[in-house]
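Remarks on the structure that follows.
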Amino acid sequence: RNLNLALMTGGFVLIVDEGVKLAEPIQIIHVVTSPAADKSLRLRNLIHIGKNASAQIIEDYSGAQDVNCWSQNVTTAKLDENATLEMYQFQDQGNETIHMSETLVDVLENANFKHYSLNVGAAMSRTEIKPTLKGENGNVELSGAFLARGGNAHDVFTHMKHMMPQCDSDQNYRGVLDKGGKSAFQGKVYVAKDAQLTNADQSNKNLILDRNAEANSKPELLIYADDVKCSHGATVGELDSEALFYLKSRGLDTLSAKALLVEAFVAEVYQDIEIGAVKEKYLALAREWLAHNE
(Lines give C-alpha, C1' and ligand atoms only; values in the text may rest on other atoms or scores of the structure.)
Protein backbone atom coordinates (compact mmCIF):
# COMPACT_ATOMS: atom_id res chain seq x y z
CA ARG A 1 0.00 0.00 0.00
CA ASN A 2 2.83 2.44 0.82
CA LEU A 3 4.56 1.55 -2.44
CA ASN A 4 1.34 2.34 -4.28
CA LEU A 5 1.10 5.73 -2.58
CA ALA A 6 4.72 6.60 -3.28
CA LEU A 7 4.68 5.61 -6.95
CA MET A 8 1.05 6.08 -7.99
CA THR A 9 0.48 6.94 -11.64
CA GLY A 10 -3.16 8.08 -11.38
CA GLY A 11 -6.53 7.33 -9.88
CA PHE A 12 -9.94 8.86 -9.26
CA VAL A 13 -11.81 10.72 -6.52
CA LEU A 14 -15.56 10.33 -6.04
CA ILE A 15 -17.37 12.46 -3.44
CA VAL A 16 -21.15 12.15 -3.12
CA ASP A 17 -22.58 14.91 -0.96
CA GLU A 18 -25.03 14.38 1.87
CA GLY A 19 -28.48 13.29 0.72
CA VAL A 20 -27.48 12.81 -2.95
CA LYS A 21 -28.58 9.54 -4.51
CA LEU A 22 -26.99 8.94 -7.90
CA ALA A 23 -29.65 7.81 -10.37
CA GLU A 24 -27.27 5.88 -12.62
CA PRO A 25 -24.15 3.79 -11.95
CA ILE A 26 -20.72 5.27 -12.62
CA GLN A 27 -18.59 3.10 -14.90
CA ILE A 28 -14.80 3.27 -14.71
CA ILE A 29 -12.80 1.38 -17.34
CA HIS A 30 -9.14 0.46 -16.86
CA VAL A 31 -7.46 -0.76 -20.06
CA VAL A 32 -3.87 -2.02 -20.34
CA THR A 33 -2.44 -1.67 -23.85
CA SER A 34 0.89 -2.63 -25.42
CA PRO A 35 2.77 0.60 -24.44
CA ALA A 36 2.40 -0.55 -20.81
CA ALA A 37 4.66 -3.56 -21.42
CA ASP A 38 7.29 -4.06 -18.69
CA LYS A 39 5.82 -1.20 -16.63
CA SER A 40 3.96 -0.86 -13.35
CA LEU A 41 0.59 0.90 -13.18
CA ARG A 42 -0.42 2.10 -9.74
CA LEU A 43 -3.77 3.76 -9.15
CA ARG A 44 -4.89 5.39 -5.89
CA ASN A 45 -8.63 5.97 -5.57
CA LEU A 46 -10.71 7.80 -2.95
CA ILE A 47 -14.46 7.45 -2.39
CA HIS A 48 -16.59 9.32 0.15
CA ILE A 49 -20.35 8.71 0.34
CA GLY A 50 -22.03 11.33 2.52
CA LYS A 51 -24.83 10.90 5.03
CA ASN A 52 -28.03 9.47 3.48
CA ALA A 53 -26.33 9.35 0.06
CA SER A 54 -25.88 6.40 -2.30
CA ALA A 55 -23.81 5.42 -5.34
CA GLN A 56 -23.07 2.46 -7.59
CA ILE A 57 -19.66 1.97 -9.21
CA ILE A 58 -18.81 -0.46 -12.01
CA GLU A 59 -15.10 -1.09 -12.57
CA ASP A 60 -13.76 -2.95 -15.61
CA TYR A 61 -10.16 -4.15 -15.73
CA SER A 62 -9.10 -5.45 -19.13
CA GLY A 63 -5.88 -5.72 -21.10
CA ALA A 64 -4.12 -6.91 -24.20
CA GLN A 65 -2.73 -10.42 -24.31
CA ASP A 66 1.03 -11.04 -24.03
CA VAL A 67 1.65 -7.67 -22.31
CA ASN A 68 3.81 -8.14 -19.23
CA CYS A 69 2.96 -5.48 -16.64
CA TRP A 70 2.07 -5.01 -12.98
CA SER A 71 -1.28 -3.38 -12.22
CA GLN A 72 -1.69 -2.32 -8.58
CA ASN A 73 -4.83 -0.48 -7.43
CA VAL A 74 -5.73 0.76 -3.95
CA THR A 75 -9.18 2.18 -3.17
CA THR A 76 -10.08 3.82 0.14
CA ALA A 77 -13.77 4.46 0.84
CA LYS A 78 -15.80 5.97 3.67
CA LEU A 79 -19.55 5.57 4.12
CA ASP A 80 -21.18 8.06 6.46
CA GLU A 81 -24.40 7.41 8.40
CA ASN A 82 -27.15 5.75 6.35
CA ALA A 83 -24.97 5.81 3.22
CA THR A 84 -25.00 3.07 0.58
CA LEU A 85 -22.23 2.03 -1.80
CA GLU A 86 -22.37 -0.83 -4.29
CA MET A 87 -19.20 -1.81 -6.18
CA TYR A 88 -19.07 -4.19 -9.15
CA GLN A 89 -15.64 -5.25 -10.38
CA PHE A 90 -14.74 -7.27 -13.49
CA GLN A 91 -11.14 -8.42 -13.94
CA ASP A 92 -10.21 -9.81 -17.38
CA GLN A 93 -6.61 -8.71 -17.79
CA GLY A 94 -4.15 -10.11 -20.31
CA ASN A 95 -2.51 -13.49 -19.82
CA GLU A 96 0.85 -12.04 -18.68
CA THR A 97 -0.39 -9.26 -16.40
CA ILE A 98 -0.04 -9.28 -12.62
CA HIS A 99 -3.17 -7.69 -11.17
CA MET A 100 -3.49 -6.51 -7.57
CA SER A 101 -6.48 -4.73 -6.07
CA GLU A 102 -7.02 -3.59 -2.48
CA THR A 103 -10.24 -2.01 -1.21
CA LEU A 104 -10.49 -0.53 2.29
CA VAL A 105 -13.90 0.63 3.50
CA ASP A 106 -15.07 2.33 6.70
CA VAL A 107 -18.77 1.66 7.31
CA LEU A 108 -20.48 3.97 9.80
CA GLU A 109 -23.86 3.73 11.54
CA ASN A 110 -26.68 2.21 9.45
CA ALA A 111 -24.49 2.28 6.33
CA ASN A 112 -24.54 -0.47 3.68
CA PHE A 113 -21.66 -1.68 1.55
CA LYS A 114 -21.94 -4.31 -1.18
CA HIS A 115 -19.04 -5.59 -3.27
CA TYR A 116 -19.26 -8.04 -6.19
CA SER A 117 -16.23 -9.28 -8.12
CA LEU A 118 -15.24 -11.69 -10.89
CA ASN A 119 -11.66 -12.70 -11.72
CA VAL A 120 -11.10 -14.55 -14.99
CA GLY A 121 -7.92 -13.01 -16.45
CA ALA A 122 -4.29 -12.15 -15.63
CA ALA A 123 -1.41 -14.52 -15.05
CA MET A 124 -1.80 -13.86 -11.35
CA SER A 125 -4.35 -11.78 -9.48
CA ARG A 126 -4.81 -10.82 -5.84
CA THR A 127 -8.00 -9.18 -4.61
CA GLU A 128 -8.07 -7.80 -1.07
CA ILE A 129 -11.24 -6.39 0.53
CA LYS A 130 -11.04 -4.97 4.04
CA PRO A 131 -14.25 -3.47 5.45
CA THR A 132 -14.38 -2.07 8.98
CA LEU A 133 -17.80 -1.72 10.63
CA LYS A 134 -17.38 1.40 12.77
CA GLY A 135 -21.03 2.22 13.51
CA GLU A 136 -23.96 0.28 14.91
CA ASN A 137 -26.34 -1.48 12.51
CA GLY A 138 -23.86 -1.39 9.66
CA ASN A 139 -24.11 -4.02 6.92
CA VAL A 140 -21.51 -5.47 4.52
CA GLU A 141 -22.03 -8.03 1.76
CA LEU A 142 -19.11 -9.45 -0.23
CA SER A 143 -19.70 -11.81 -3.15
CA GLY A 144 -17.44 -13.02 -5.92
CA ALA A 145 -16.13 -15.76 -8.16
CA PHE A 146 -12.73 -16.64 -9.59
CA LEU A 147 -12.15 -18.92 -12.58
CA ALA A 148 -8.66 -20.21 -13.42
CA ARG A 149 -6.95 -22.60 -15.84
CA GLY A 150 -3.73 -22.95 -17.82
CA GLY A 151 -1.39 -21.42 -15.25
CA ASN A 152 -3.75 -18.70 -13.99
CA ALA A 153 -3.65 -18.08 -10.24
CA HIS A 154 -6.24 -16.10 -8.28
CA ASP A 155 -5.86 -15.06 -4.65
CA VAL A 156 -8.77 -13.53 -2.71
CA PHE A 157 -8.23 -12.14 0.78
CA THR A 158 -10.96 -10.58 2.94
CA HIS A 159 -10.61 -9.06 6.39
CA MET A 160 -13.94 -8.13 7.97
CA LYS A 161 -13.67 -6.12 11.18
CA HIS A 162 -16.74 -5.86 13.43
CA MET A 163 -15.92 -3.05 15.85
CA MET A 164 -19.44 -2.01 16.96
CA PRO A 165 -22.58 -3.88 18.12
CA GLN A 166 -25.50 -5.09 16.00
CA CYS A 167 -23.72 -5.22 12.65
CA ASP A 168 -24.17 -7.82 9.91
CA SER A 169 -21.74 -9.18 7.36
CA ASP A 170 -22.02 -11.88 4.73
CA GLN A 171 -19.33 -13.32 2.45
CA ASN A 172 -20.00 -15.71 -0.42
CA TYR A 173 -17.22 -16.73 -2.82
CA ARG A 174 -17.04 -19.44 -5.48
CA GLY A 175 -14.00 -20.80 -7.30
CA VAL A 176 -13.86 -22.88 -10.49
CA LEU A 177 -10.48 -24.47 -11.28
CA ASP A 178 -9.70 -26.24 -14.52
CA LYS A 179 -6.46 -27.86 -15.68
CA GLY A 180 -3.44 -25.85 -14.53
CA GLY A 181 -5.52 -23.37 -12.53
CA LYS A 182 -4.80 -22.42 -8.94
CA SER A 183 -6.65 -20.39 -6.31
CA ALA A 184 -6.30 -19.31 -2.71
CA PHE A 185 -9.07 -17.88 -0.54
CA GLN A 186 -8.36 -16.49 2.91
CA GLY A 187 -11.30 -14.96 4.71
CA LYS A 188 -10.90 -13.45 8.15
CA VAL A 189 -13.69 -12.17 10.40
CA TYR A 190 -12.69 -10.23 13.50
CA VAL A 191 -15.29 -9.46 16.19
CA ALA A 192 -14.14 -6.98 18.82
CA LYS A 193 -14.94 -7.36 22.53
CA ASP A 194 -17.70 -4.72 22.47
CA ALA A 195 -19.25 -5.84 19.16
CA GLN A 196 -22.14 -7.75 20.74
CA LEU A 197 -25.08 -9.04 18.65
CA THR A 198 -22.84 -9.44 15.63
CA ASN A 199 -24.11 -11.61 12.79
CA ALA A 200 -21.35 -12.77 10.45
CA ASP A 201 -21.41 -15.51 7.81
CA GLN A 202 -18.67 -16.62 5.44
CA SER A 203 -18.70 -19.26 2.71
CA ASN A 204 -16.17 -20.36 0.10
CA LYS A 205 -17.01 -23.22 -2.26
CA ASN A 206 -14.66 -24.50 -4.96
CA LEU A 207 -15.29 -26.69 -7.97
CA ILE A 208 -12.43 -28.73 -9.44
CA LEU A 209 -12.86 -29.62 -13.13
CA ASP A 210 -9.50 -31.36 -13.51
CA ARG A 211 -7.21 -33.28 -11.15
CA ASN A 212 -4.34 -30.99 -12.21
CA ALA A 213 -6.00 -27.96 -10.63
CA GLU A 214 -5.55 -26.67 -7.09
CA ALA A 215 -7.87 -24.86 -4.68
CA ASN A 216 -6.79 -23.61 -1.27
CA SER A 217 -9.18 -22.19 1.31
CA LYS A 218 -8.64 -20.83 4.81
CA PRO A 219 -11.71 -19.38 6.56
CA GLU A 220 -10.93 -17.78 9.90
CA LEU A 221 -12.93 -16.38 12.83
CA LEU A 222 -11.48 -14.27 15.66
CA ILE A 223 -14.29 -13.66 18.15
CA TYR A 224 -13.83 -11.67 21.36
CA ALA A 225 -17.52 -10.98 22.07
CA ASP A 226 -19.84 -13.52 23.70
CA ASP A 227 -23.26 -12.73 22.17
CA VAL A 228 -22.76 -13.31 18.45
CA LYS A 229 -23.86 -15.52 15.57
CA CYS A 230 -20.90 -16.35 13.36
CA SER A 231 -20.34 -19.13 10.85
CA HIS A 232 -17.82 -20.08 8.22
CA GLY A 233 -17.34 -22.93 5.81
CA ALA A 234 -15.26 -24.09 2.87
CA THR A 235 -15.66 -26.94 0.39
CA VAL A 236 -13.67 -28.34 -2.52
CA GLY A 237 -15.30 -30.89 -4.80
CA GLU A 238 -15.98 -32.14 -8.31
CA LEU A 239 -19.09 -31.95 -10.46
CA ASP A 240 -21.97 -34.11 -9.28
CA SER A 241 -21.94 -37.25 -11.46
CA GLU A 242 -25.67 -37.82 -10.93
CA ALA A 243 -26.51 -34.28 -12.08
CA LEU A 244 -24.31 -34.78 -15.16
CA PHE A 245 -26.04 -38.07 -15.93
CA TYR A 246 -29.47 -36.43 -15.58
CA LEU A 247 -28.63 -33.60 -17.98
CA LYS A 248 -27.09 -35.98 -20.51
CA SER A 249 -30.20 -38.15 -20.32
CA ARG A 250 -32.15 -35.06 -21.38
CA GLY A 251 -30.12 -34.72 -24.58
CA LEU A 252 -27.17 -32.51 -23.62
CA ASP A 253 -23.66 -33.54 -24.59
CA THR A 254 -21.01 -33.79 -21.90
CA LEU A 255 -19.46 -30.35 -22.45
CA SER A 256 -22.83 -28.60 -22.51
CA ALA A 257 -23.93 -30.40 -19.36
CA LYS A 258 -20.75 -29.42 -17.53
CA ALA A 259 -21.07 -25.82 -18.70
CA LEU A 260 -24.65 -25.61 -17.45
CA LEU A 261 -23.73 -26.94 -14.01
CA VAL A 262 -20.73 -24.64 -13.67
CA GLU A 263 -22.75 -21.61 -14.75
CA ALA A 264 -25.40 -22.40 -12.14
CA PHE A 265 -22.66 -22.81 -9.52
CA VAL A 266 -21.21 -19.37 -10.30
CA ALA A 267 -24.58 -17.65 -10.77
CA GLU A 268 -25.55 -18.14 -7.13
CA VAL A 269 -23.19 -15.40 -5.94
CA TYR A 270 -24.77 -12.87 -8.30
CA GLN A 271 -28.44 -13.70 -7.86
CA ASP A 272 -29.19 -10.68 -5.65
CA ILE A 273 -27.83 -8.08 -8.09
CA GLU A 274 -30.68 -5.76 -9.05
CA ILE A 275 -29.01 -4.20 -12.12
CA GLY A 276 -29.94 -6.65 -14.88
CA ALA A 277 -27.18 -5.60 -17.29
CA VAL A 278 -24.51 -6.02 -14.61
CA LYS A 279 -25.77 -9.44 -13.58
CA GLU A 280 -25.83 -10.57 -17.21
CA LYS A 281 -22.28 -9.31 -17.77
CA TYR A 282 -20.99 -11.42 -14.87
CA LEU A 283 -22.67 -14.49 -16.30
CA ALA A 284 -21.57 -13.68 -19.88
CA LEU A 285 -17.90 -13.49 -18.83
CA ALA A 286 -18.27 -16.79 -17.00
CA ARG A 287 -19.87 -18.39 -20.08
CA GLU A 288 -17.08 -17.07 -22.31
CA TRP A 289 -14.46 -18.55 -19.97
CA LEU A 290 -16.28 -21.88 -20.00
CA ALA A 291 -16.57 -21.85 -23.79
CA HIS A 292 -12.77 -21.61 -24.17
CA ASN A 293 -12.18 -25.02 -22.68
CA GLU A 294 -8.55 -25.86 -23.37
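How far is helix 276-291 tilted, in degrees, relative to the longest principal axis of the Cα atoms in the chain, given as a value from 0 to 90 rounded to the nearest 10?
It works out to around 30 degrees.
If you roll a 1.4 angstrom probe over the protein chains with everything in place, what fraction of the accessible area of the chain belongs to carbon and sulfur, to the nearest %?
Within the chain, the accessible surface is 50 percent carbon and sulfur.
Based on the alpha-carbon gyration tensor of the chain, what equivalent-ellipsoid semi-axes (square roots of 5 times the eigenvalues) come out, in whole Å, largest first?
31, 25, 18
If one takes the longest principal axis of the Cα atoms in the chain, at what angle in degrees, from 0 to 90 and to the nearest 10, does the Cα axis of helix 254-267 lie?
In the chain, helix 254-267 runs at an angle near 0 degrees to the longest axis.
222 nm [θ] for the chain, helices only, -39500 (n - 2.57) per DSSP H run of 4+, per residue, to 500?
Result for the chain, helices only: -4500 deg cm²/dmol.
Around A83, under 15 Å between beta carbons, what's the net of Lys plus Arg minus Asp minus Glu among the other residues?
Around A83, the charge tally is -4.
Per residue, how much accessible area does the chain show when a 1.4 Å probe rolls over the protein heavy atoms, in square angstrom?
46
Given a Förster radius of 35 Å and the C-beta distance between L221 and T33 as r, what FRET efficiency does 1/(1 + (r/R0)^6) yield to the nearest 0.05? Spell out each step's value before the answer.
On the way: r = 43 Å, r/R0 = 1.23.
The computed FRET efficiency comes out at 0.25.
Roughly how much of Y116 is accessible, in Å² to the nearest 10, using a 1.4 Å probe?
10
Could you bin all the Cα-Cα distances of the range 18-137 into 10 Å bins starting at 0 and give me the percent of pairs in each, rounded to whole numbers?
Result returned by the calculation: 14, 42, 28, 14, 3.
Compute the projected area of the convex hull of the Cα atoms of the range 4-62, averaged over all viewing directions, and report it in nm² to one decimal place. Could the numbers behind the result be given before it?
Details: hull surface 19.4 nm².
Hull-based average projected area comes out at 4.8 nm².
As a test of the definition: which semi-axes, in Å, follow for the range 94-202 when you take the square root of five times each eigenvalue of its alpha carbon gyration tensor? Largest first, please.
Output for the range 94-202: semi-axes of 30, 12, 10 Å.
Can you sort I98, I129, I58, I15 by solvent-accessible area, 1.4 Å probe, largest first?
I get I15, I98, I58, I129, largest accessible area first.
Once R0 is set to 51 Å, what does the formula 1/(1 + (r/R0)^6) return for the Cβ-Cβ distance between E18 and D240, expressed as a FRET efficiency to the nearest 0.05?
Working: r = 50 Å, r/R0 = 0.99.
The formula returns an efficiency of 0.50 here.
Could you run the Karplus curve 6.51 cos²θ - 1.76 cosθ + 1.60 with θ = phi - 60° over the range 86-101 and give me ³J(HN,Hα) per residue in whole Hz, x for Gly and Pro?
These are the phi-based 3J(HN,Hα) values: 10, 10, 10, 10, 10, 10, 9, 6, x, 6, 10, 7, 9, 10, 10, 9 Hz.
Starting from the amide H of D201, placed 1.01 Å from N in the peptide plane, find each other amide H under 5 Å away whose residue is 5 or more places distant or on another chain.
For D201, whose amide H was placed from the backbone, the distant partners under 5 Å are S169, D170, Q171, S231.
The values are calculated or read from the model by the stated rules, or taken from the named source; none is laboratory data. Since this is a predicted model, take the numbers as computed values, not measurements. All Cβ positions, even for glycine, are placed from backbone atoms using ideal geometry, and neighbour counts span all protein chains on display. The accessibility values were calculated without ligands, DNA or RNA, using every heavy atom of the protein model including side chains. Shrake-Rupley method; radii C 1.70, N 1.55, O 1.52, S 1.80 Å.
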